[in-house]
Amino acid sequence: MSSTSRARLGEEVWKLRTDKINAELVTLTYGSVVAQLCKDLDGDYVEVNKQLDKMGYNIGLRLIEDFLAKSNMQQKCANFRDTADVISKVGFKMFLNITPTIANWSSDNKQFSLLFDENPLADFVELPDDGKAQSELWYSNMLCGVIRGALEMVQMSVDAHFVSDVLRGNDTTEMRINLIRYIEDEMPQDDE
Amino acid sequence: MPLVKTLPLDDVILTEDESTAVYRYDSGVVSFADLQIARGERGLKTGAVTISSSFLSPSPSHLSLDIVVVFVIIIMAGSSTSYYFVIIGTKDNPLYEAEFGSFKQGGDGIAKFREEQRHMNQFIAHSSLDCIEDQQWASKEMYLKTVDKFNNTWVSCFLTGGNIKFLLVHDTRSDEPIRQFFTDVYDLYCKTLMNPFYEVNMAIRSQTFDQKIKAAAKKYL
Amino acid sequence: MNRDPSPFRTASVASTATSPTPKYANLTASTNLRYSLTRKSIYDRHLNRTKTSELSKSAFAFLFGEMVQYAQKKVYGVQDLEKKLNLHGYAVGQRFLELLLWREGRTAKRETRILGILQFISHQLYRAIFQKQADTLEKVRENEDEYMISDNDPVVNTYISVPKEMSQLNCGAFIAGIIEAVLDGHCFPAKVTAHTAPNEMWPGRTVFLIKFEPEVLEREALRVGS
């Protein structure tokens, strides 16, 4: 499947097969979750990041089914580059209506970056001015967990983490994803 | 039964440009916190008594009044346009304040009395809250225009949907420019609130917010 | 007390023995925040930019489900969990209230009567957040201080699988929180709770019971006829 047809598929799923909801509701709900975490964990932003990642991971495990059902993708991705394309043009498109740019491939094609010029989760957000948040908190870290969990369910073990974020004063919001290995063993079937 | 409090006039202080005179009560200027406590405790309106220029001849040796606290302010004609702006939260707590106009550029005399002026403005703003409480149920408007008047000073108010009050203490009336100013402030306040890390009733300390407010003041006031 | 012929004299300001009123002492603006060159501050962004933006409902459902899961670990029992959901909804409601009124511009009005604010909630607020009006708005006959807003298919119930131990959980507590925030913020303090009230057509139908504080009714009574 070519890149353009993936883009078209993403558009189609978004337009025709996705129930939609007010984006600001999601933005504010996510904001409430992060703010609550920061309170619960006493401003330990490193822990907050971990928690967001964990929550994202749990989501990813279930989200993949929704993705496969709606996108109706028959074929497995031939290689990791295809996977990246699908994540960006179909995955992010059908859930968040954005298509982050794929960039910075490593020479072995096992690592790439997603550049977000739009991030609905971070709309209206300004990190606390406490001298710590901007150097420690990855506000959208849940997304990393989602990718990790979703890919694990399709036999890929990856690491996903942010390397820059405009909320931290950087020029871009960039997530780095690297393939650790393909999972050879069969995953146990989900009970649901 | 009316409360009677006798107040020896210890001290009179006049600013150099003779625009303001402050009578001290007891040993110091009554602090804003004191006014609030008094107000809360007795449930009475704190009031300010104004004495017109007739006080010049012979000043009363003491004042008997049936209000709890007296903080006497005389503002004479001739003070240039100046504004005191404060955002007040739902618990009558100030969230942000700023001064515009010629307050800061005043002559030496005024500068010396910054604290008193500020207390005065805070007092005027705060005591208008009672008026606002009455007026807000009589009108569906968010911009309440002038809600209180005190000698030559007016207090204008904008009430947000969440009961946050923007108060402007000013000495020249200009309804429309003030409304435009408040509209800009509301935009800035909403942006502050949309941030999940900002909670209602928190103080607003963002420098960018401060700059934008001052820019709005410069633009309209 | 004798006065000097010229009762006025200038004097130097006494050092502020009564220091600046405590509440005002900490209002100075400051910042250590870095701003991205490419992204301006939140104050430069237009508030209407995402007015009509949409995301997928399932994105919300997944987020909401995980929010419930996380909250569940920190509570003892369904009521506590509903309180947490209410708090999240409350934060959301406070923001939508101001945002919606700002968006109405010069024609924005504050509601001053109970019916007014309830209609605002069931029509404008509901439409803005959930793209539909609430299904009914009723007064509870038996109690002066109670009203009900119903939603046949609240979005928080879509796809959400409630953990087994919490089968009585009503995720509508989140929406109840939104409503409560709008009422509290607009000076109509109330308690809002969500109750499942299914009917033949709508198994997920939820009723939000609004119980106003006494002062609201007192004020309303004073205003009758005006």
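The values are calculated or read from the model by the stated rules, or taken from the named source; none is laboratory data. What you see is a predicted model, and the numbers here were worked out from it, not measured in a lab. We place every Cβ from the backbone using ideal geometry, glycine too, and count neighbours over all the protein chains shown.
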**Asked** Looking at (1) surrounded by 15 or more Cβ atoms within 10 Å (Cβ to Cβ); (2) closer than 18 Å to residue C:97 by Cα, which is the only condition residue C:148 fails?
**Response** (2)
**Message:** I'd like to check something: does the range A:47-56 contain any residue that is within 21 Å of residue C:64 (Cβ to Cβ), under 12 Å from the mean Cα position of the chain (by Cα) and β-branched (Val, Ile, Thr)?
**Reply:** no
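I'm trying to understand the selection: among the residues of the range C:65-112, which are among the aromatic types (Phe, Trp, Tyr) and closer than 22 Å to residue C:182 by Cα?
So in the range C:65-112, the residues among the aromatic types (Phe, Trp, Tyr) come out as C:70, C:76, C:90, C:96, C:102.
Listed by number, the residues that qualify are C:90, C:96, C:102.
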**Request:** Out of C:65, C:93, C:89, report the one residue that is small (Gly, Ala, Ser), more than 18 Å from the chain's Cα centre (by Cα) and assigned to a helix (DSSP H, G or I).
**Result:** C:65
**In the range C:62-95, the residues that are among the small types (Gly, Ala, Ser) and at pLDDT below 95** = C:65, C:71, C:77
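Filter the range A:100-120 down to residues that are assigned to a loop (DSSP other than H, G, I, E, B) and within 11 Å of the chain's Cα centre (by Cα) and give me whichever is nearest to residue A:20 (Cα to Cα). Write out each step before concluding.
Step one: of the range A:100-120, the residues assigned to a loop (DSSP other than H, G, I, E, B) are A:100, A:104-110, A:117-119.
From the residues that got through so far, the ones that are within 11 Å of the chain's Cα centre (by Cα) too are A:100, A:119.
Details: A:100: 20, A:119: 17 Å.
Among those that are assigned to a loop (DSSP other than H, G, I, E, B) and within 11 Å of the chain's Cα centre (by Cα), it is A:119.
Just give me the residues in the range C:100-127 being of a type in the set (D, E, K, R) and without any contact (Cβ under 8 Å) to a residue 24 or more places away in the chain, in sequence order. Explain how you work it out, then say what you get.
From the range C:100-127, those of a type in the set (D, E, K, R) are C:103-104, C:106, C:109-111, C:113, C:127; that's our starting set.
The answer is C:104, C:106, C:109, C:127.
Could you tell me which residue of the range C:108-160 is farthest from residue C:209 (Cα to Cα), considering only residues that are aromatic (Phe, Trp, Tyr) and modelled with pLDDT of 95 or more? Spell out how you get there, then give the answer.
As a first pass, look at the range C:108-160 and keep what is aromatic (Phe, Trp, Tyr): C:120, C:126, C:130, C:147, C:159.
In the following step, the residues that additionally are modelled with pLDDT of 95 or more were identified as C:120, C:126, C:130, C:147.
Working: C:120: 16, C:126: 16, C:130: 19, C:147: 6 Å.
My answer is C:130.
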**Request:** Kindly check whether there is at least one residue in the range A:44-59 that is outside any helix (DSSP H, G or I), out of contact with any strand residue (DSSP E or B) (no Cβ under 7 Å at 6 or more places or on another chain) and more than 9 Å from every other protein chain (Cβ to nearest Cβ).
**Result:** yes
**Request:** May I ask you to say which residue of A:163, A:125 is surrounded by fewer than 17 Cβ atoms within 10 Å (Cβ to Cβ), within 30 Å of residue B:194 (Cα to Cα) and of a type in the set (A, V, I, L, M)?
**Result:** A:163
**Prompt:** Residues in the range B:196-212: is at least one away from chain A (no Cβ under 14 Å), outside any loop (DSSP other than H, G, I, E, B) and either buried (at least 16 other Cβ atoms within 10 Å of the Cβ) or modelled with pLDDT of 95 or more (or both)?
**Reply:** no
**Request:** Output the qualifying pairs, or none if there are none: Cβ atoms under 9 angstrom, residues six or more apart or on different chains, first residue in the range A:16-32 and more than 14 Å from chain B (Cβ to nearest Cβ), second residue of a type in the set (Lys, Arg) and not in a strand (DSSP E or B).
**Result:** A:17/A:70; A:18/A:70; A:18/C:57; A:19/C:57; A:20/C:57; A:21/C:57
**Residues of the range C:205-226 that turn out to be assigned to a loop (DSSP other than H, G, I, E, B) and over 23 Å from the mean Cα position of the chain (by Cα), as a count** = 3
**Request:** Go through the range C:172-226 residue by residue and tally those that are in contact with a Pro (Cβ under 8 Å, 6 or more places away or on another chain) and among the aromatic types (Phe, Trp, Tyr).
**Result:** 1
**Prompt:** For residues in the range B:136-158 being among the charged types (D, E, K, R) and part of a strand (DSSP E or B), which is surrounded by the fewest Cβ atoms within 10 Å (Cβ to Cβ)?
**Reply:** B:149
**Complete:** How many residues of the range A:121-144 are within 14 Å of chain B (Cβ to nearest Cβ) and either assigned to a strand (DSSP E or B) or among the polar types (S, T, N, Q) (or both)? The answer is 2
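Of the residues that make up the range B:159-176, is at least one outside any helix (DSSP H, G or I), within 14 Å of chain A (Cβ to nearest Cβ) and touching a helix residue (DSSP H, G or I) at 6+ places or on another chain (Cβ under 8 Å)?
Taking the range B:159-176 as the starting set, the residues that turn out to be outside any helix (DSSP H, G or I) are B:159-174.
Applying the additional criterion that residues be within 14 Å of chain A (Cβ to nearest Cβ) yields none.
Within the range B:159-176, none of the residues are outside any helix (DSSP H, G or I), within 14 Å of chain A (Cβ to nearest Cβ) and touching a helix residue (DSSP H, G or I) at 6+ places or on another chain (Cβ under 8 Å).
How many residues are of a type in the set (S, T, N, Q) and not in a helix (DSSP H, G or I) if we restrict to the range A:77-99? Quick ask: steps written out before the conclusion?
In the first step, residues of the range A:77-99 are kept if they are of a type in the set (S, T, N, Q); the result is A:79, A:83, A:88, A:97, A:99.
Okay, now just the ones that are also not in a helix (DSSP H, G or I), so A:79, A:97, A:99.
Going through the range A:77-99 one residue at a time, the tally reaches 3.
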**Prompt:** Does residue C:118 meet the test of being assigned to a helix (DSSP H, G or I) and either closer than 20 Å to residue C:194 by Cβ or within 13 Å of chain A (Cβ to nearest Cβ) (or both)?
**Reply:** yes
**Request:** Residues being under 13 Å from residue C:130 (Cα atoms) and either aromatic (Phe, Trp, Tyr) or in contact with a Leu (Cβ under 6 Å, 6 or more places away or on another chain) (or both): count how many of those fall in the range C:50-66.
**Result:** 2
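Go through the range B:88-135 residue by residue and tally those that are at pLDDT below 70 and surrounded by fewer than 19 Cβ atoms within 10 Å (Cβ to Cβ). Before you say what the answer is, go through the steps one by one.
Taking the range B:88-135 first, the residues at pLDDT below 70 are B:102-115.
Then drop every residue that is not surrounded by fewer than 19 Cβ atoms within 10 Å (Cβ to Cβ), which leaves B:102, B:104-105, B:107-109, B:111-112, B:114-115.
The qualifying residues number 10.
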